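S.K.: Questions regarding the structure given below will be posed in turn.
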Amino acid sequence: MVLPFRAPTKAIRLLLALAATWNFVSACSDSAQDIRIAAQDYRFQPSEIHLQADRPIRLTLVNEGREAHEVSSTLFLRPEVRPIDDQVGPPFTGRGLIKINVGGSATVTLRAPVGTYFYRCVIPGHRGMEGMLIVE
């Protein structure tokens, strides 16, 4: 005996549509990736960070060292990079530079296209204080 084929019921079609929508929403999530980089005496911790290109990034730089640091990156020159903390002032705008005083912090949000972005402290004598953000 062969049973006739029946079209899916409305409930099954609704469940399939919800599952497809859920997969799409979770793949395009807009929740920010929270990244914390500690600027210590002559090094960054961590010095290499991997990020997803399709999600916003909330990057917090914290000065745990005994001296001020000025962090520079071409990534900070991008127009979509926006400061959150009031401590990020005029040095941030236009030069791709974030100054962090001793015990201070600065937070920026950004979206970055796929690529490798180097960052470093530009204060004389802080040579070797560098890291990279790898956006995949």
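S.K.: What does the extension gain come out to for residue 74 and residue 42, with contour length at 0.36 nm per residue minus their alpha carbon separation?
M.R.: On the way: separation 32, 0.36 × 32 = 11.52 nm, distance 2.03 nm.
This chain segment gains 9.5 nm when fully extended.
S.K.: Give me a comma-separated list of calculated 3J(HN,Hα) values for the stretch 105-111, in order, Karplus coefficients 6.51, -1.76, 1.60 applied at θ = phi - 60°, integers in Hz, x for any Gly or Pro.
M.R.: With coefficients 6.51, -1.76 and 1.60, one gets 8, 8, 10, 10, 10, 7, 10 Hz.
Since every read-out is calculated from the coordinates, none of them should be taken as a lab result. Every value quoted in this text rests on a predicted model; they were computed, and no experiment measured them.
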